[in-house]
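The values are calculated or read from the model by the stated rules, or taken from the named source; none is laboratory data. Not measured: the values here are computed from a predicted model. Here the Cβ positions follow ideal geometry from the backbone for every residue, glycine too, while neighbour counts run over all protein chains shown. All accessible areas refer to the heavy atoms of the entire protein, side chains included, with ligands and DNA or RNA removed. Shrake-Rupley method; radii C 1.70, N 1.55, O 1.52, S 1.80 Å.
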Amino acid sequence: MRAVVMTGTGGREVLEYVERPDPLAGPGEALVEVVLAGVNFMDIGVRQGMAWTEVPNPKILGVEGVGRVLAVGDGVEGIEPGQRVAWVYAPGSYAERIAIPVASLVPVPDAIDDRTAASVMMQGLTASHFATDFYPVQRGDIAFVHAAAGGVGLLLTQIVKLRGGHVIGRVSSQEKVAAAREAGVDHVIIDTEGRFAEETLRLTDGQGVHVVYDGSGPTTFQGSLDVLRRSGTFCWYGPVLGGPGPLDIMSLPKSVKIGYATFFDHIHTPELLRARSERLFNWIATGELKLHIGGEYRLADAAKAHADMENRKTTGKLLLVP
C-alpha cells in the first residue's frame, strides 16, 4: 500500500509518499480501506516533534478518517466486513489501509456520506466537548470564537447557536468573513494582531463574554482574558501553537475560570465515542449542523495540505484522498 511517512522531525520536507507493507487485523482489530483521511493541526505538531516522539521514524502520520472494513481479527463483535466506519484517533491514517482497534471505530449511518463523516470526527467532537461539556452554553450566553472560519470554529459556532447562544467570531482576513457568517456568527471581527478586545467590549456594552474559545496560541491569550466578563470561562486549546507561559493566578481578573480542554475527555470510553458521534450525525441528518470542506488533496500531496493549513489559507476541513 501507499502511505505518507515522516522521515524525521522538521518541516514539510520530511514528508514522503512511500510504499509500505499492508497491515493485518490483529485480535480486536479491523482492517480498513481508507476512503478519506482528515488533516489536523495535531498532524503538524507530530511532524514538528511535539508528540509521538517515542515512535521511531519513519512513521505514518494522520489519526482521522473514514473507510470500509475489509476484514476483522479474532474476538471482534459488532463490526463486519463491508461496513462503513469512521474514526477520530487511529495513528497511521495517512495511508491506503490501516488496522484499527474496533473500540475506536464508529459505524457511519447511510444518511451520512463519506466526506461528511471524515470531516466531522476530530473537529466535531472537539467542538461538541467545548460547548456541551467544558462550558455548557446556555440560552442567551455570548461566546467569543477565535478562528471562527476554521474547521473547529465553524462547527463550534453552529453548536453554540443550537444551544441558544450568540457568537462573536474573530477571523484573519476579509475572505473568511462570509464562511463565518454562514455558520451563524453574529458579529465578525477581522484581526491578525490580537487587538480584538476593544471591539468585543463595545459589542457587549462593556460587560464582556460568558466564554471564550481560544486555540490561537499565546498572541491572543491576554486579549481573551480581557474580553471575559466577571466569572467568565476561558476555554484554551491548540497546543501546537504553544502556551501562554507561566501564569500568576493572583493577577487574573474578575474571578475568571481558565481551563485546557481536550476532546479525549469527551469520548473517554467507546460508548461515549459512539454516543457523541451519533449526536453529531443526527444534527447533520436533520440539517442543524453543516460541514464546510475547505479542500481535498491527493494523499501524495499531504505536504501541500500541511502548507495551506499552516499558512492559514483555508477555511473548514481539509481531506486527503488515497
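The residues of segment 219-235 that are more than 16 Å from Ala148 (Cβ to Cβ) and open to solvent by less than 40 Å² (accessible area, probe 1.4 Å), listed by number, are Phe221, Leu225, Leu228, Gly232, Thr233, Phe234. Only a single item in (1) touching a residue at least 40 places away in the same chain (Cβ under 8 Å); (2) more than 29 Å from Asp308 (Cα to Cα); (3) part of a loop (DSSP other than H, G, I, E, B) is not met by Ile112, and it is number (2).
A single entry from Ala178, Ala111, Ala118 fulfils the requirement of being among the aliphatic types (A, V, I, L, M), over 25 Å from Gly223 (Cα atoms) and more than 19 Å from the chain's Cα centre (by Cα): Ala111. Out of curiosity, is Arg47 crowded, with 16+ Cβ neighbours inside 10 Å and in contact (Cβ under 8 Å) with a residue 60 or more places away in the chain? When the stated conditions are applied, Arg47 passes them. Summed over segment 50-72, residues that are open to solvent by 10 Å² or more (accessible area, probe 1.4 Å) and either assigned to a loop (DSSP other than H, G, I, E, B) or polar (S, T, N, Q) (or both) total 9.
In segment 187-218, of all residues being among the β-branched types (Val, Ile, Thr) and more than 20 Å from the chain's Cα centre (by Cα), the one that is farthest from Ala148 (Cα to Cα) corresponds to Thr204.
A quick yes/no check of all residues on (1) assigned to a loop (DSSP other than H, G, I, E, B); (2) over 27 Å from Asp226 (Cβ atoms):
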position	(1), (2)
Gly259	no, no
Leu273	no, yes
Ile284	no, yes
Leu289	yes, yes
Asp301	no, yes
Met309	no, yes
